[in-house]
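Each value in this text was obtained by applying a stated rule to the coordinates, not by laboratory testing. Everything quoted here is computed from the prediction, not taken from an experiment. Glycine gets a Cβ as well: all are built from the backbone with ideal geometry, and neighbour counts include every protein chain shown.
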Amino acid sequence: MGGKKTSVWKRLVTWVRIRLGAVKPYLAERFGWFVTSSYYGPKLVSNRVDQTFKFYLRGSYGSFYWDRVTAFSTAFVYLDIGANQGLYTIGAAQNPNCVGCFAFEPVPRSFRFLKANVALNGLTERCTLINKAVSGNAGTAEIAIQPAHSGAASLNHAQGAANAPSKSRLQIQTLTAKELDALLPQDGPPIFVKIDVEGHEPVVLEQLLQTHFAGRIAEIFFEVDETWYDIEPIRALLTERGFSKLHRHGEGHHYDMLALRA
């Protein structure tokens with residue numbers, strides 16, 4: 001009997017935390033409540049029910065890419081595709097050499113935290129936040145989400161949140177290369193891109209390389225899981241488009257790839 005009560009209580013506490021999370025971004029922006037600092041430095045709205053937020057607090061993503069983004073030494077534009085709650089959006093926008101920062105996050109709850117976190121760090125005027133996913137078709141799509149792990153949200157229903165026991169699905173807005181072209185001109189400073197979309201990376205890469213500003217893209221940092229998709233066609237596509245330097249970061253079948261032009 002005691003075990004049942006404990007289980008019910010835990011579920012109730014989790015439910016309350018998730019519901020409170022819906023208003024935390026507003027309370028943080030308006031009153032400065034529920035604000036903490038991450039391992040990486042930026043102030044963030046507390047979201048302790050979420051696994052990705054815990055990664056921010058602990059520094060679980062390591063320092064390689066954070067150090068890279070914050071140290072770009074020439075004028076650049078940054079695209080954060082799958083921005084989640086905005087860690088790398090903030091890191092790029094805090095870099096004084098950043099002349100434009102575009103963050104794409106389709107899940108409404110994560111987007112609210114992204115917006116609040118950017119504001120908390122005084123970067124609203126430096127960032128364009130887009131509550132849509134980059135995908136193969138413009139319009140709407142069904143995304144699988146896991147309430148306690150925002151980073152597992154995925155349009156690739158073969159993996160990620162789609163296979164989680166607590167999965168749920170919702171409709172989100174999507175855009176393609178055509179809509180991306182409306183955001184950026186063909187000429188300008190180099191563009192640095194981060195992609196973290198839980199298995200939808202091949203689709204995003206194809207769309208990016210179809211844009212009229214594709215020639216401005218100087219590097220792409222993206223997540224790879226070889227159980228989600230075959231990396232070899234991606235290697236071939238990137239090499240064909242001038243990204244001849246491909247650096248792997250991580251071991252096993254799940255790692256990050258940094259693609260650089262020669």
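For segment 182-202, how many residues are surrounded by fewer than 20 Cβ atoms within 10 Å (Cβ to Cβ), among the hydrophobic types (A, V, I, L, M, F, W, C) and in contact (Cβ under 8 Å) with a residue 24 or more places away in the chain?
Qualifying residue count, segment 182-202: 2.
Scan segment 117-133 residue by residue and report those that are among the charged types (D, E, K, R) and part of a helix (DSSP H, G or I). Before you say what the answer is, go through the steps one by one.
So in segment 117-133, the residues among the charged types (D, E, K, R) come out as 125-126, 132.
The answer is GLU125, ARG126.
So, restricting to strands (runs of 3 or more DSSP E) that lie completely within segment 30-91, which ones have at least 2 residues that are surrounded by 17 or more Cβ atoms within 10 Å (Cβ to Cβ) and either aliphatic (A, V, I, L, M) or in contact with a strand residue (DSSP E or B) (Cβ under 6 Å, 6 or more places away or on another chain) (or both)? Working first, answer last.
Numbers: elements: 35-37, 43-45, 76-81.
Counting at least 2 such residues, we get 43-45, 76-81.
Identify the single condition in (1) surrounded by fewer than 18 Cβ atoms within 10 Å (Cβ to Cβ); (2) outside any loop (DSSP other than H, G, I, E, B) that GLY136 does not satisfy, given that it satisfies every other one.
The one condition GLY136 does not meet is (2).
Yes/no per residue for (1) of a type in the set (Ser, Thr, Tyr); (2) in a loop (DSSP other than H, G, I, E, B); (3) under 18 Å from the mean Cα position of the chain (by Cα):
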site	(1), (2), (3)
GLN186	no, yes, no
VAL203	no, no, yes
PHE221	no, no, yes
THR227	yes, yes, no
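Looking for something in a helix (DSSP H, G or I), among the aliphatic types (A, V, I, L, M), farther than 21 Å from LEU205 by Cβ and in contact with a helix residue (DSSP H, G or I) (Cβ under 8 Å, 6 or more places away or on another chain) - is there at least one such residue anywhere in segment 95-116? Full working, then the answer.
As a first pass, look at segment 95-116 and keep what is in a helix (DSSP H, G or I): 108-116.
Those left that are additionally among the aliphatic types (A, V, I, L, M): 114, 116.
From what is left, the residues that are farther than 21 Å from LEU205 by Cβ are 114, 116.
Within this subset, residues satisfying the condition of being in contact with a helix residue (DSSP H, G or I) (Cβ under 8 Å, 6 or more places away or on another chain) are 114, 116.
Checked against the condition, which is being in a helix (DSSP H, G or I), among the aliphatic types (A, V, I, L, M), farther than 21 Å from LEU205 by Cβ and in contact with a helix residue (DSSP H, G or I) (Cβ under 8 Å, 6 or more places away or on another chain), segment 95-116 yields at least one hit.
Of all residues being basic (Lys, Arg) and closer than 26 Å to VAL49 by Cα in segment 92-133, which is surrounded by the fewest Cβ atoms within 10 Å (Cβ to Cβ)? Just the residue, please.
Of the residues in segment 92-133, the ones basic (Lys, Arg) are 109, 112, 115, 126, 132.
This time we only want the ones that are closer than 26 Å to VAL49 by Cα, so: 109, 112, 115, 132.
On the way: ARG109: 20, ARG112: 21, LYS115: 22, LYS132: 17.
Looking at the filtered set, the residue picked out is LYS132.
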